[in-house]
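Any read-out appearing in this document is the output of simple, stated calculations on the displayed coordinates, not a laboratory observation. Please read these numbers as outputs of a predicted model, since none were measured by experiment. Glycine gets a Cβ as well: all are built from the backbone with ideal geometry, and neighbour counts include every protein chain shown.
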Amino acid sequence: MPILDVLLVVPEGAPLPAGLAAAIADGAGTLLNAPAGRVWVRLSVLSADHYAENGVAPADLPRPVFVTVMHADLPDAQLLAAQARALSDAVASVVGCDAGLVHIEFAPPGRGRVAFGGRLST
């Protein structure tokens, strides 16, 4: 299942390329070796006016990308580390930024907590 929540920090009113969510989903699906329809991406935007870093002037702020990944079950730490690196690279390539600006967070496992169509995954 993985579900990816992708949050882009963008300048106010900046347009996003058409098909960006699909491109992220396809890239993630390929690197996770997932069958079609098994990687879901929810793409959202955070205006740069609503993002800050302490001690950094607004004009000097980077435009990071935050990705939260929820698996049904978390892989072992070594595979998780490899996925973090590969996902950072893949998202950066699609979005057009440096991989150092893509931050990956792994959510708690979804199995037993997420109900698809009202059916709890077990």
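Distance from the C-alpha centroid of segment 61-86 to that of segment 1-31: 14 Å, rounded to the whole angstrom. Just the number, please: percent antiparallel of the DSSP beta bridges in the chain, rounded to the nearest 5. Bridges in the chain are about 40 percent antiparallel. The alpha-carbon atoms of the chain, seen along their principal axes, cover 47, 30, 25 angstrom, with the largest extent given first.
What's the magnitude of the charge dipole for the chain around its Cα centre, counting Lys and Arg as +1 and Asp and Glu as -1 at the beta-carbon? Answer in Debye, nearest 20.
560
When each of Ile104, Ile24 is scored by the number of other beta-carbon atoms lying within 10 Å, the sequence from fewest to most is Ile104, Ile24.
Dipole orientation for the chain: of the candidates Tyr51, Ala77, Pro62, Ala77 has the Cα lying most toward the positive pole (charges on Cβ; Lys, Arg +1; Asp, Glu -1). Of Thr68, Thr122, Thr30, the sequence from fewest to most neighbouring Cβ atoms within 10 angstrom is Thr122, Thr30, Thr68.
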